[in-house]
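Visitor: Structure provided below as structure tokens; questions to follow.
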Amino acid sequence: MIVLGIESSCDETGVGIVRWNGDGTTTLLADEVASSVDEHARYGGVVPEVASRAHLEEMVPTMRRARAAAGIDKPDAITVTIGPGLAGALLVGVAAAKAYALAWDVPLYAVNHLGGHVAVDTLEHGPMPECVALLVSGGHTHLLHVTDLAEPIVELGTTVDDAAGEAFDKVARLLGLGYPGGPVLDALAREGNPTAIAFPRGMTGPRDARYDFSFSGLKTAVARYVEKCDREGVAVPVADVAASFQEAVADVLTMKAIRACTDLGVTTLVLGGGATANSRLRSLAEERCAAKGITLRVPKPRLCTDNGVMIATLGAHVIAGGAKPSSLTVPTDPGMSVQVSVA
Ligand code: ATP
Ligand code: MG
Ligand code: FE
């Protein structure tokens, strides 16, 4: 079975093609992504209308490249991200998926973007056992419990305000470092001292929700620190701020992910989303997982950011699990709950 996945929930137009191997794994046949990230840079964040227009321009060329790379005329099934994501951006991918499904006379499966971030790891690291997944990107921060990739996922916690990647972007903007902020802050943090400034760890008090996150207080604390430096006429120790901020984010994310594994008796932790590129998040996750005997699985960076392969891979699992095809009139679901895997 050859499955083609279409992704357009944010600023990446992705078309991926995989072959289902029948043993819980897939083989990658094509992975084409066109990102509009550069077009959003001067606004300091993703502009939905700009993203939608870019999808419209890139969808057909990306599809053409993917089919050429895989050397196929048409797949056996099409899967598409139906939500969660930006309404206008999702519409472009879903409309395209419906048109191709109709033209090729193949079934359509409308799947949940978040499950794709977990499923994609099976490409490199084999079948997925029951796991806890920590998804961190510009738009999402979710702690999930996945028993089976073909089944609905349980959300353990999420952010009550900013997403983790968004916090990196906002702090970078505050420090005048440009967009996207994650890679710049990560590089700067290498020269700084992570214990120089005691930034707050949000939602870690005894009465706070066990698995939820909050990053807006941390962002405000960084802003106050910078203002204080300005007021006192001292130079902002930018590398120390970056390192201390990054440590606070990585500390809370990994602490709650490990806590979820321990509480549930789950021995596999999967990371996903563009912010998993963060070097400190990775090293701290490795350290803490090793200490607790938890297996850490992290897809390579290209597969952590949004792409079509993750949607094709999730689709293959869902189809193999016996899901029924979606209707060609299925609507997009921008606020889709993670508890729904196929619409
Ligand atoms: P999604 O729909 O999954 O939320 P997105 O476009 O918002 O998609 P991604 O493209 O997956 O997110 O990732 C981009 C985000 O990851 C940005 O917020 C960026 O700052 C952050 N990021 C990238 N590299 C790093 C890094 N090394 N450290 C921290 N954050 C990073
Ligand atoms: Mg993106
Ligand atoms: Fe994503």
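Visitor: What tally of residues in segment 13-29 results from selecting those that are surrounded by 21 or more Cβ atoms within 10 Å (Cβ to Cβ) and either over 18 Å from the mean Cα position of the chain (by Cα) or farther than 21 Å from residue 100 by Cα (or both)?
Guide: To start, the set of residues in segment 13-29 that are surrounded by 21 or more Cβ atoms within 10 Å (Cβ to Cβ) comprises 13-18, 20, 26, 29.
Adding the requirement that they be either over 18 Å from the mean Cα position of the chain (by Cα) or farther than 21 Å from residue 100 by Cα (or both) leaves 17-18, 20, 26, 29.
Total meeting the criteria: 5.
Visitor: Going by the conditions given, is residue 138 at pLDDT below 95 and under 20 Å from the mean Cα position of the chain (by Cα)?
Guide: Working: at pLDDT below 95: yes; under 20 Å from the mean Cα position of the chain (by Cα): yes.
So residue 138 passes the test.
Visitor: Assuming residue 287 fulfils every condition listed in (1) closer than 30 Å to residue 107 by Cα; (2) at pLDDT 95 or above apart from one, which condition is it?
Guide: Failed condition: (1).
Visitor: Can you pull out every residue in segment 163-207 that is within 16 Å of ligand 2 (Cβ to nearest atom), part of a loop (DSSP other than H, G, I, E, B) and modelled with pLDDT of 95 or more?
Guide: Matches in segment 163-207: 163 only.
Visitor: Hey, another quick one. Is at least one residue of segment 48-58 more than 28 Å from residue 337 (Cα to Cα) and either at pLDDT 95 or above or in contact with a helix residue (DSSP H, G or I) (Cβ under 7 Å, 6 or more places away or on another chain) (or both)?
Guide: Pass one, segment 48-58, residues more than 28 Å from residue 337 (Cα to Cα): 57.
Narrowing further to those that are either at pLDDT 95 or above or in contact with a helix residue (DSSP H, G or I) (Cβ under 7 Å, 6 or more places away or on another chain) (or both): 57.
Among the residues of segment 48-58, at least one is more than 28 Å from residue 337 (Cα to Cα) and either at pLDDT 95 or above or in contact with a helix residue (DSSP H, G or I) (Cβ under 7 Å, 6 or more places away or on another chain) (or both), which makes the answer yes.
Visitor: Could you list all residues from segment 1-46 that are within 30 Å of residue 167 (Cα to Cα) and charged (D, E, K, R)? Steps first, answer last, please.
Guide: Going residue by residue through segment 1-46, those that are within 30 Å of residue 167 (Cα to Cα) are 5-16, 31-46.
7, 11, 12, 31, 32, 38, 39, 42, listed by residue number.
Visitor: While we're on this one: Across segment 234-270, what is the number of residues that are part of a strand (DSSP E or B) and in contact with a helix residue (DSSP H, G or I) (Cβ under 7 Å, 6 or more places away or on another chain)?
Guide: Going through segment 234-270, the residues part of a strand (DSSP E or B) turn out to be 268-270.
Checking the rest, the ones that are also in contact with a helix residue (DSSP H, G or I) (Cβ under 7 Å, 6 or more places away or on another chain) come to 269-270.
Adding up the residues that qualify gives 2.
For (1) assigned by the TED database to the domain that holds residue 171; (2) over 26 Å from residue 45 (Cα atoms); (3) over 19 Å from the mean Cα position of the chain (by Cα), each residue gets a yes or a no:
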| residue | (1), (2), (3) |
| --- | --- |
| 192 | yes, no, yes |
| 199 | yes, no, yes |
| 256 | yes, yes, no |
| 267 | yes, yes, yes |
| 272 | yes, no, no |
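Visitor: Additional query: Report, ordered by the first and then the second residue, all pairs with beta carbons closer than 8 Å, sequence separation of six or more or different chains, a first member in segment 249-276 that is within 18 Å of residue 214 (Cα to Cα), and a second member that is of a type in the set (S, T, N, Q) and surrounded by 18 or more Cβ atoms within 10 Å (Cβ to Cβ).
Guide: 249/278; 250/278; 253/141; 273/137; 273/305; 275/137
Visitor: A further question follows. Could you tell me whether residue 64 is at negative phi, within 16 Å of ligand 2 (Cβ to nearest atom) and surrounded by fewer than 17 Cβ atoms within 10 Å (Cβ to Cβ)? Steps first, answer last, please.
Guide: On the way: at negative phi: yes; within 16 Å of ligand 2 (Cβ to nearest atom): no; surrounded by fewer than 17 Cβ atoms within 10 Å (Cβ to Cβ): yes.
No.
The values are calculated or read from the model by the stated rules, or taken from the named source; none is laboratory data. Everything numeric here is computed off the predicted structure, so don't read it as measured data. Note: ideal-geometry Cβ built from the backbone for every residue, glycine included; neighbour counts use all protein chains shown.
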